[in-house]
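The next block holds one structure in the form of structure tokens; read it before the comments.
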Amino acid sequence: MQLYDKGLTLHPVNPVTFVGFKFNIALKYLKVIAFTHKQIELKELGKLVICQENLTDKLQKVKTEFGINEIFYLSTCNRVEFVMLTAHTVDKTFAKQFMDAIDMGLCPVSTGTFLDSAAIYEDREALEHLLRTSCSLESMIVGEKEILAQLRKAYENCKDAGLTGDGLRMFMNCIVKTAKEVYTNTNISKNPISVVSLAYRKLRDLKLCTNARILIIGAGETNRNISKYLQKHKFSNFSVFNRTVENAAKLAADLGGEAFNLEALKTFNKGFDAIITCTSSTEPIITPEIYAGLLNGETGRKTIVDLAVPNDTHSDVLEQFPVNFIEVYSLNEVAKKNLQERYEELTYAEEIINKNIADFLLELKQRRIEVAMRQVPEKIKEIRNTAINSVFAEEVQGMDQQSREILEKVINYMEKKYISVPMIMAKDILINNN
């Protein structure tokens, strides 16, 4: 099989049959193109977010065009990453062609700037990066557990869309197992803080009264989490807006509030004291026109907690109206302090990561042995049938019934042993060599 590309060197692939598809699952094929808060301003990072409605089509397009075997896309408030299994050499040249093909609507200059800041991982480094990411060691807020749920959801969405297979499933099993061990066996998430908890602290400092009118825009995980803080501290006046009104209704029911679709923002006239917004929209939800309508004639300073990347709030809103504005970007300083406080735990977490990588490498080798040995039973049956029906056919035909039954039992016994022994020996050799 040849992999297609546009101008790149083509690499032949020698596929191996494995659980329903042809691809040799090996660590060297794991590649990651990552854009994160470490190299890119959060406000700029939002330009790389792909609208959910177009995501599957765009990923399927590049998967086919570049001969990528499996792929999934991760987007959080501080990272955008493409995780793939491919025999391609993934370098900056490939990344540029990949980004052009996926068509994020960026001008060539912006694309070049992002690519200059991209981190590209492959082989063991790619696995280590994903493990560190799942354990929050690569997060803006070290110790926050939301990233694991976000990573799993991103993978599951692409799996459901048919973009992944057994290869990334194996890697995800390792990723989830490692993250759980880190969170369980270290204090990295002790007294946990997260983007959500930091945002709530800032909101709390503004001393809103508990009957403040709160508009929640978006019914995803982030807004559900911050709603729990609000409910815990006795806030009770909620209106929930979401693209899918059924999801808005679920969150509104939990909060004892009202549910609306996003279009209702244009006509909502009950006023508000604070807006909490986090959607996956790639365009601002709160425009100056919508904000003015939501004010319903009120002129006092309001509060917006915007945890979306890119922001759901149009920049003109902040220029034209008095607003207390809380966004992910403004939480950076607290995040740095959090990292210092958890520094000692990083060593323990990295030890767990390294052990899981070693275990996973052994598992990969064992799986390759299983693949190689899969034809052993068929070969042994072929030898058996040839011996009985061809090589020793006359001798067998000349045996009495009792002798044939004994011969059949002996051959069946030896057949079972010959199937199991090579596998056991191969695994023993592999384990002893490690």
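The values are calculated or read from the model by the stated rules, or taken from the named source; none is laboratory data. From a predicted model like this one, the values you see are computed outputs, not experimental measurements. A quick note on method: Cβ atoms are made from the backbone with ideal geometry, for glycine too, and the neighbour counts reach across all protein chains shown.
Could you tell me how many of the residues in segment 354-400 are within 30 Å of residue 172 (Cα to Cα) and modelled with pLDDT of 85 or more?
First pass over segment 354-400, keeping only residues within 30 Å of residue 172 (Cα to Cα): 354-376.
In the following step, the residues that additionally are modelled with pLDDT of 85 or more were identified as 354-361.
Of the residues in that region, 8 qualify.
Could you check, for segment 392-403, whether at least one of its residues is among the β-branched types (Val, Ile, Thr) and loosely packed, with under 12 Cβ neighbours inside 10 Å? Before you say what the answer is, go through the steps one by one.
The first filter runs over segment 392-403 and keeps only residues among the β-branched types (Val, Ile, Thr), leaving 396.
From the residues that got through so far, the ones that are loosely packed, with under 12 Cβ neighbours inside 10 Å too are none.
No, segment 392-403 contains no residue that is among the β-branched types (Val, Ile, Thr) and loosely packed, with under 12 Cβ neighbours inside 10 Å.
Answer with yes or no whether residue 147 is over 19 Å from residue 259 (Cβ atoms), of a type in the set (A, V, I, L, M) and at pLDDT 95 or above.
Numbers: over 19 Å from residue 259 (Cβ atoms): yes; of a type in the set (A, V, I, L, M): yes; at pLDDT 95 or above: no.
No; evaluated as a whole, the condition is false for this residue.
Is segment 168-189 home to any residue that is touching a strand residue (DSSP E or B) at 6+ places or on another chain (Cβ under 7 Å) and either surrounded by fewer than 16 Cβ atoms within 10 Å (Cβ to Cβ) or more than 23 Å from residue 327 (Cα to Cα) (or both)?
Filtering segment 168-189 down to residues touching a strand residue (DSSP E or B) at 6+ places or on another chain (Cβ under 7 Å) leaves 168, 171.
Now restrict to residues that are either surrounded by fewer than 16 Cβ atoms within 10 Å (Cβ to Cβ) or more than 23 Å from residue 327 (Cα to Cα) (or both): 168, 171.
Yes, some residue in segment 168-189 is touching a strand residue (DSSP E or B) at 6+ places or on another chain (Cβ under 7 Å) and either surrounded by fewer than 16 Cβ atoms within 10 Å (Cβ to Cβ) or more than 23 Å from residue 327 (Cα to Cα) (or both).
Checking the structure you have, find out if any residue of segment 74-82 is closer than 30 Å to residue 222 by Cα, of a type in the set (Asp, Glu) and out of contact with any Ser or Thr (no Cβ under 8 Å at 6 or more places or on another chain).
no
Any residue that is over 29 Å from residue 226 (Cα atoms) and basic (Lys, Arg) - is there at least one of those in segment 175-193? Let's see the steps before the verdict.
Step one: of segment 175-193, the residues over 29 Å from residue 226 (Cα atoms) are none.
Scanning segment 175-193 turns up no residue that is over 29 Å from residue 226 (Cα atoms) and basic (Lys, Arg).
Considering only segment 129-142, I want to know if a residue exists there that is within 14 Å of the chain's Cα centre (by Cα) and of a type in the set (Lys, Arg).
So in segment 129-142, the residues within 14 Å of the chain's Cα centre (by Cα) come out as 129-136, 138-139.
Within this subset, residues satisfying the condition of being of a type in the set (Lys, Arg) are 132.
Looking through segment 129-142, at least one residue is within 14 Å of the chain's Cα centre (by Cα) and of a type in the set (Lys, Arg).
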